[in-house]
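Accompanying notes for the structure given below.
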Amino acid sequence: MRTIGLVALHVFRDSVRDKVLYSIVAFAVVLMAVSYVIGQLTAGQDLKIIKDLGLAAMSLLGLFIAVFIGIGLIAREIDRRSIYAVLAKPVRRHELLLGKYLGLVGTLFVNLAVMALAYYAVLAYIGATLPETALQAAPAPATDPRLLLAVLMIGLELALVTAVALFWSTFSSSALLSAGLTFGLYIAGQFGADLKNFEQVVTSPAAGLVGRALYYLLPNFAAFDIKAEVVHGLPIQPGYLALTAAYACVYIALLLTASVMIFARRDFK
Amino acid sequence: MKAVTGTVAGVAAIAVLMATIVRLQMVRERWFPQSEPAQQILYVSSPAVLTRLALSYDALVSDLYWIRAIQYYGGTRLSERASKSYELLYPLLDLTTSLDPNFNIAY
């Protein structure tokens, strides 16, 4: 247990040294610059657009961090041959893998938390500058605490993406291939609704069955998207959030188990 | 000392080259004036395609089309052209509302 924590801490320090947290600065700068310009372009919809933009930027920046660091977690150690030195120490392979995973997920959550702070600061500023009538017309207040639910869902989605990236990188030796496969699965996971209704498009029942099977087997990333509901102040059932969170946890457990099994058998020449 | 002169020379060279690029572009545009920008085009006009292209960023893309619709309306209204037609306004707003069905003001 302690070893996992140490590896995780090391990954976190490493990502700070790799200037991953600069993405927060980029996020804050973009959000502030846009909030300054947007009022002149949008006919009174600035609050909604800033909310949309902030959530989309958090999700997109996090996605790139999760994929590009996630695929390098193990592959880089093998490339630099430092994996021999690590595995010669009393670190078991599954401890290394889990520690790496938790370290990156921790980095992502710290990243999201700081971005959320900057996000609320910008929203509070917009809320203070908007006229009273515009605020009353908006479906949700400027610093709506429910936005945190959307951020939390983004965090869970990114944790799942990280697990996918780590899974591919345990057996593929090419970083480009791992990145492609991870992005591919992410995009496929957005098309859940189409796969589910595939049988209405094709005549062959077998093809419909394959589509439905894929729908249930592939990670359904579209389920984590509650950004629009939160921004429009629509109700979200707590049960939906709980089930989606449980789905993410079980899927992550599945991917990590598979990764540990593959990594344990892998032969480093 | 040598390193400092090297840096200064490098920065100066970059500045001179950059100024030349800008200058060349200006001269070319004076000699061969660009034609008026073409009419606005809507590349993707199918809401079904765009919803899929937007992945999970539907709301943000919808905002972009909302801004475009407003700019299109304002631009056409203020333009000097004799015939003002708003034929792109409906498709732009249609895309906005298809991507984000709760964007009430766009209806």
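The values are calculated or read from the model by the stated rules, or taken from the named source; none is laboratory data. As the structure is a prediction and not an experimental result, all values here were calculated from the model. As a convention, Cβ positions derive from the backbone with ideal geometry for all residues, glycine included, and neighbour counts pool all protein chains shown. For the accessible areas, the whole protein counts, side chains as well, though only heavy atoms, and no ligand, DNA or RNA atoms are used. Shrake-Rupley method; radii C 1.70, N 1.55, O 1.52, S 1.80 Å.
See the values below:
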quantity	calculated
Within the range A:141-215, helices (runs of 4 or more DSSP H) holding 1 or more residues that are open to solvent by 50 Å² or more (accessible area, probe 1.4 Å) and of a type in the set (Gly, Ala, Ser)	A:175-188, A:192-196
Scope the range A:221-239; condition closer than 18 Å to A:Pro145 by Cβ, assigned to a helix (DSSP H, G or I) and more than 13 Å from chain B (Cβ to nearest Cβ); matching residues	A:Pro238
Number of positions in the range B:49-85 that are of a type outside the set (S, T, N, Q), surrounded by fewer than 15 Cβ atoms within 10 Å (Cβ to Cβ) and more than 10 Å from chain A (Cβ to nearest Cβ)	9
B:Gly10 modelled with pLDDT of 85 or more and either open to solvent by less than 60 Å² (accessible area, probe 1.4 Å) or of a type in the set (D, E, K, R) (or both)	yes
Among (1) within 13 Å of chain B (Cβ to nearest Cβ); (2) of a type outside the set (Asp, Glu); (3) closer than 30 Å to A:Arg80 by Cα, the one test that A:Gln190 misses	(3)
Condition check for A:Ala264: farther than 21 Å from A:Leu181 by Cα and not β-branched (Val, Ile, Thr)	yes
Which listed residue is in a helix (DSSP H, G or I), at pLDDT 85 or above and open to solvent by 30 Å² or more (accessible area, probe 1.4 Å), from A:Ile49, A:Ile69	A:Ile69
A:Gly239, sole failed condition from (1) open to solvent by 40 Å² or more (accessible area, probe 1.4 Å); (2) at pLDDT below 90; (3) farther than 17 Å from A:Ser59 by Cβ	(2)
Qualifying positions in the range A:80-127 - open to solvent by 70 Å² or more (accessible area, probe 1.4 Å) and outside any helix (DSSP H, G or I)	A:Arg80, A:Arg81, A:Lys89, A:Pro90, A:Arg92
Condition met for A:Val122 (touching a helix residue (DSSP H, G or I) at 6+ places or on another chain (Cβ under 9 Å), closer than 17 Å to A:Lys51 by Cβ and at pLDDT below 90)	yes
